[in-house]
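What follows is a single structure, written as structure tokens, with notes after it.
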Amino acid sequence: MHETSIINGIMRTLEQEFDAEKLNTMTGIYVKVGILSNIEPRLLYNAYEASHMMNPKYQNVKFHIEMVELKIQCESCDHITDVKKYRFLCDSCQKPSKNIIQGEEMLIHKVEFAD
């Protein structure tokens, strides 16, 4: 389950970016996960919940996952299309496109702290 290593990576990143005092006031972590990222949101959330058992200092931190839709940009006409049902066709000119501009990412979008 690679989601566990992803959660460990997220926590390492946050621990490198913020000092311990700031991390003690953390209340929420928001991540964006693309449909083609090969990450299962339910498993990622379960891995985060399991990490609380191993690291209770972040027990009150909520974990939020936002799924990012798949978008392509046409090489012919530059139009940006929301991909539905994995049809990689431009809405404008109907030509196929493999130029994915959104939907493969996994990133920490936002971190919330108590005031």
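Check whether at least one residue in segment 78-86 is under 23 Å from the mean Cα position of the chain (by Cα), over 16 Å from G34 (Cα atoms), open to solvent by 80 Å² or more (accessible area, probe 1.4 Å) and not aromatic (F, W, Y), and report yes or no.
Among the residues of segment 78-86, at least one is under 23 Å from the mean Cα position of the chain (by Cα), over 16 Å from G34 (Cα atoms), open to solvent by 80 Å² or more (accessible area, probe 1.4 Å) and not aromatic (F, W, Y), which makes the answer yes.
Starting from segment 68-91, keep only residues that are at positive phi, then list their pairs with residues that are assigned to a loop (DSSP other than H, G, I, E, B) and surrounded by 15 or more Cβ atoms within 10 Å (Cβ to Cβ) whose Cβ atoms are within a distance under 8 Å, requiring at least 6 positions of separation or different chains.
Filtered contacts from segment 68-91: Y86/L70.
Residues that are β-branched (V, I, T) and open to solvent by 70 Å² or more (accessible area, probe 1.4 Å): does segment 55-74 have at least one?
No; the residues of segment 55-74 include none that is β-branched (V, I, T) and open to solvent by 70 Å² or more (accessible area, probe 1.4 Å).
Going by the conditions given, is S97 among the polar types (S, T, N, Q), open to solvent by less than 80 Å² (accessible area, probe 1.4 Å) and more than 18 Å from H2 (Cα to Cα)?
Here the answer is yes, as S97 does meet what is asked.
Among the residues of segment 92-111, write down those that are part of a loop (DSSP other than H, G, I, E, B) and in contact (Cβ under 8 Å) with a residue 12 or more places away in the chain.
Scanning segment 92-111 gives S92, C93, K95, S97, K98, N99, G103, E104, E105.
When only residues in segment 22-48 that are out of contact with any strand residue (DSSP E or B) (no Cβ under 8 Å at 6 or more places or on another chain) and not in a loop (DSSP other than H, G, I, E, B) count, which is surrounded by the fewest Cβ atoms within 10 Å (Cβ to Cβ)?
R42
The values are calculated or read from the model by the stated rules, or taken from the named source; none is laboratory data. If you're wondering where the values come from, they're calculated on a predicted model, not measured in any experiment. Methodologically, a virtual Cβ is constructed for each residue, glycine included, from the backbone with ideal geometry; neighbour enumeration extends over all protein chains shown. Remember, those area values only see protein heavy atoms, side chains included, never the ligands or the DNA or RNA. Shrake-Rupley method; radii C 1.70, N 1.55, O 1.52, S 1.80 Å.
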